[in-house]
Every structure is written in structure tokens, then in C-alpha cells.
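K.L.:
Got a structure here, written out as C-alpha cells. Questions coming.
The values are calculated or read from the model by the stated rules, or taken from the named source; none is laboratory data. In this text, all values refer to a predicted model and were calculated from it rather than measured experimentally. We place every Cβ from the backbone using ideal geometry, glycine too, and count neighbours over all the protein chains shown. When the accessible area is computed, the model is the full protein with side chains, heavy atoms only, and any ligands, DNA or RNA have been set aside. Shrake-Rupley method; radii C 1.70, N 1.55, O 1.52, S 1.80 Å.
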Amino acid sequence: MSRFSRSLRRSTLPLCVALSVAALVAPITAMAANNWNPSRILAAFENPYVGNTKDVGVISHRGIVDNGCPENSSCSILNTYNHNVEAIELDVKEDADGTLWLFHDQNAGRMLFHLPNFDIFQPAQNPKGWDPDIRTMTSQELLGSFLRDRNFSKTGYHPVTVARALATVKTEANHMLVVLDIKTVTAVNQAANLAKQLGMQNQVVLKFSSSLFASNPNAMLGATKGVAFAPTVYAGDEDNIATHYNGLCGAITPESAQCRVNAWVNEAKGIGASWVEIGNKQPVAGDPTYGLLRAEAGLKRAIGAFSPVIEYRVNMHDGYHFVRSNGTCCAALSDYLSRTRYFGNETRDDRPNFAAQVFTGATNVITDDPLSVIPAVHRDTSRYQ
């Protein structure tokens, strides 16, 4: 992780207005030197090949954080901007009132200050302490809360609504592309409306599981409302598509589960998907998503990838470094290997090796350590101007 610029000013002001976009003010001052055009960043992500040369985009997962600067916050958004990273991925969760917020975990304990503070280092089942599901919390509760940083210290930052986050980017960090990682169709619709209200259709990318639209990818157009979108296809999604997809396949290759997945992706690209994120965990024959990865790379299409970075217990070497969705720690990547009905089973997760993902086809990489990835990939930022 980079050192956080000490000149960035923390906000201690509460968000004391209704959740209207017009009333939202960014808490710190952005100072990035470049003048990139977000629509051109999106165009480069959508069309990564110039001849045989592949430009790789870098996406900062949760934003660049540091002591006092929590993830998925106004601070991490502007810190990413100030480090000239072209894109940021923000995690979206819905509260009890239907408002969209930036939270990575489904439960609040790890990220919100609440005495006694939640201890994340405990088993996943029936954790002890204050760790409510975001879906049970009201907007007022969240507005009055403070975020904890990576060392679990209270910061001066409040949780951020998606409306506020997008307004912050538009007014204070307008060279960046924003990827919103969304879990439900309802939230996709809401996020699309917010992006359209701000005129950010070509700056916001709505990312969601292909399983939400497994039977009919064309329905993505109605949900995204003209806002850029990027579906994800992981091993479990392939099973869902193979089971439920109603489109045609078999015109060129024999009808099969793999044919249905490839046809689904072809339809998604045909209706305007900016890219497809493929959850390939091992780029070798036998991995469930390798067939799709190989097909898309062969067509020189835009392919997204996620490269996990160690989060906690950094000095331990047992593989258990990653926070779970309920905010407890720690899981190993091997805990999430999938078994599929049609495509075989995942046996290992090599995604921390971002260079291998790029070598085998990825054209953009989501990472919690973007400043290490940037110098290691071919990235022509002149295309962003």
C-alpha cells in the first residue's frame, strides 16, 4: 500500500442532510495533476487492443487506504484520484430503507466504530459482538456512524452513500472511471438511476453477477438503463447459465454446456457489455472457467480479472488472510473453491498472481494494491486524454 498523503484533510462533519445528490460535498480536496477523460478511459477498457498490443487497465478495489483513511470512503476515493489510478471499484450494499451504501462486507462490525468494537478475529459461525447485517440498519443509523480504518481505529469519516460517492467523483475526481460492484437486480436499477441523474452513463460501470440474468442476458439493458455494465462469470455462474439460458447455441459448435455459456457471453457483448469479468482461478485446462477465458482471449475481447491481495495476518504463512462476508477473519482462498455440475471443479486459486492473469487474457485487473500493478503492466495512459 502507498503512504497516504498527509496533506489530505479528514472531514469530521456529519452528513446531516437528506440523501439528495445536490447537497453532498466531498470531504477532502483532490489534487491529481492529470486531465484524463473518463469516457476515453471507458473506451480504452472496452477496446484494449491496439493492433497486437494489449493495454491493461488498473482498477483500485475499495480505493487506496492507509492509517486514518478507510476503504470505500470519500478519503479512499480521492486518495485513488491523487495517485492517478484510472479506475476504482466500490462495493455496494443496501440498507433497511433501500438506500445504497459503500460497504464491502454484508455485516457492519469490521468497518463501523461501535463500543465495544467488533473483534474480527473469530470463527465465521455465530460470531460474538456487534456485527449487524447492513440490510437491518437504517439510513439514519449509518449517517451517524464513523468508519474504522485498516487498524480498526475510529476515523473522522462517515459511511458513504452511492449517491454521495458518485457526486464526489463527478465534482472532485472526474478523471476516474467508477465500477460499482452490485449484488441484486434492485440495486442495479437504483445505481443506474443515480448514474443517469448525474450524467455519468459513460463514467460509471455497473458490475454484477451474470447469474442475475442467466436466462435472458438481454434483460440487462432494461436494468442498466443505458449505463455501462460489466457482468461477471465465475464457475457457479457457468452452471446457472448452462441450466437456464434460453438463447441459441450450436450453430458453429455442438450444443453443450460450454456452448451455452459462450453464447450467453456473445449475446452480452452484442448488446453492449463493456467487458466480462471472468473468475478464472487457475489458467489451465481443467479449471471450470478456462474454456471461456481461452475463447474470449482468442477473440481479443475485453476481459476483467480480480487479483486478491493479503488483507490480514500478513506475517503468517498459512494462507488464512482474507475477510469473510460477515466481517470475520480469516478465510483462505481455498475455502471458496467451487465444484460445478458441468465444468469440473476448481482445485487451486492462483489469482494473486496478477501477471499470470494478464498473460492469459485479462485486459483489466481489480486489485487492492494498484500501485504495485501499474508499473508491471502495459498501460498506455495517452488513450485516456
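K.L.:
Given labels modelled 7 Å from the Cα in the Cβ direction, how far is it in nm from A376 to H114?
P.N.:
3.7 nm
K.L.:
How much of the DSSP beta bridge set in the chain is antiparallel, as a percent to the nearest 5?
P.N.:
On the way: 13 of 43 bridges.
Expressed as a percentage, antiparallel bridges in the chain total about 30.
K.L.:
I would also like to ask the following. Amide H of E89 versus every other amide H placed in the peptide plane: which residues, excluding those fewer than 5 positions away on the same chain, fall under 5 Å?
P.N.:
Correct list: S60, H61, R62, G63, V179.
K.L.:
Still on this structure, I have one more. Given a Förster distance of 41 angstrom, what is the FRET efficiency for L299 paired with Y320, based on the Cβ-Cβ distance and rounded to 0.05? Numbers along the way, then the final one.
P.N.:
Values: r = 38 Å, r/R0 = 0.92.
Efficiency, from the Cβ-Cβ distance: 0.60.
K.L.:
For the range 361-376, just list the computed ³J(HN,Hα) in residue order, Karplus coefficients 6.51, -1.76 and 1.60, θ = phi - 60°, integers in Hz, with x standing in for Gly and Pro.
P.N.:
x, 4, 10, 9, 10, 8, 8, 7, 10, x, 6, 8, 6, 3, x, 9
K.L.:
What is the Cα centroid distance between the range 179-248 and the range 323-357, reported in whole angstrom?
P.N.:
Between the Cα centres of the range 179-248 and the range 323-357 lies a distance of 22 Å.
K.L.:
For the chain, which whole-number percentage of the solvent-accessible area (1.4 Å probe, protein heavy atoms only) is attributable to carbon and sulfur atoms?
P.N.:
Using a 1.4 Å probe with all protein chains present, the chain comes out at 51 percent carbon and sulfur.
K.L.:
Then there is this: Can you compute the modelled spin-label distance between L248 and N218, with each label point 7 Å from Cα toward Cβ, in nm?
P.N.:
Inter-label distance under the simple model: 1.2 nm.
K.L.:
So if I place +1 on the C-beta of Lys and Arg and -1 on the C-beta of Asp and Glu, and nothing else carries charge, what would the dipole magnitude of the range 57-102 be about its Cα centre? I want it in debye, nearest 20.
P.N.:
Dipole of the range 57-102, to the nearest 20 debye: 140 debye.
K.L.:
Something else about it: Does the range 25-137 classify as rounded, prolate or oblate by the C-alpha gyration tensor (a ≥ b ≥ c root eigenvalues; a/c under 1.5 gives rounded; else a/b over b/c gives prolate, otherwise oblate)?
P.N.:
Values: a/c = 2.44, a/b = 1.99, b/c = 1.22.
Since a/c reaches 1.5 and a/b is larger than b/c, the shape of the range 25-137 is classed as prolate.
K.L.:
7 Å from Cα along Cα→Cβ at both Y312 and N126: what's the point-to-point distance in nm?
P.N.:
The modelled label-to-label distance comes out at 2.0 nm.
K.L.:
A follow-up question, please. Give the label of the value calculated from the structure for Rg/Rh (Cα atoms, Kirkwood Rh), choosing from (1) 1.15; (2) 0.95; (3) 0.98.
P.N.:
Computing Rg/Rh (Cα atoms, Kirkwood Rh) and matching it to (1) 1.15; (2) 0.95; (3) 0.98 gives (2).
K.L.:
A further question follows. Report the dimensions of the range 86-188 along its three principal axes from the alpha-carbon atoms, largest first, rounded to Å.
P.N.:
41, 30, 25
K.L.:
Cα gyration tensor of the range 255-385, axes a ≥ b ≥ c as square roots of the eigenvalues: rounded (a/c below 1.5), prolate (a/b > b/c) or oblate?
P.N.:
Here the range 255-385 falls in the oblate category.
K.L.:
Could you give the distance between the Cα centres of the range 37-60 and the range 257-310, to the whole Å?
P.N.:
17 Å
K.L.:
Name all residues of the range 311-328 having a backbone nitrogen under 18 Å from the label point set 7 Å from the Cα of Q106 along its Cα→Cβ direction, giving them as ranges.
P.N.:
322-328
K.L.:
Pull out the extension gain between T138 and A285, defined as 0.36 nm times the separation in residues minus the alpha carbon to alpha carbon distance; nm, one decimal.
P.N.:
Residue separation times 0.36 nm, minus the Cα-Cα distance, leaves 48.2 nm.
K.L.:
So, one more: Return the subset of K225/K269; K170/K225; K154/K207; K196/K300; K225/K281; K207/K281 for which the Cα-Cα distance in this structure is over 22 Å, preserving the input order. If you can, show how the numbers build up before the last one.
P.N.:
On the way: K225/K269 16 Å; K170/K225 19 Å; K154/K207 30 Å; K196/K300 30 Å; K225/K281 32 Å; K207/K281 19 Å.
Where the Cα-Cα span goes over 22 Å, the pairs concerned are K154/K207; K196/K300; K225/K281.
K.L.:
Taking 8 Å as the Cα distance limit and 6 or more residues as the minimum spacing, I'd like the relative contact order of the chain as a percentage.
P.N.:
20 percent
K.L.:
Right, here's the next one. Is the shape of the range 128-235 rounded, prolate or oblate, going by the alpha carbon gyration tensor and its root eigenvalues a ≥ b ≥ c, with a/c under 1.5 for rounded and a/b larger than b/c for prolate?
P.N.:
It comes out oblate by the Cα gyration axes.
K.L.:
Would you work out the relative contact order for the range 275-355, in percent, from Cα pairs under 8 angstrom that are 6 or more residues apart?
P.N.:
Worked out over the range 275-355, it gives 32 percent.
K.L.:
Tell me, what is the percent relative contact order of the range 230-322, built from C-alpha pairs under 8 Å that lie six or more residues apart?
P.N.:
Dividing the mean separation by the residue count of the range 230-322 yields 26 percent.
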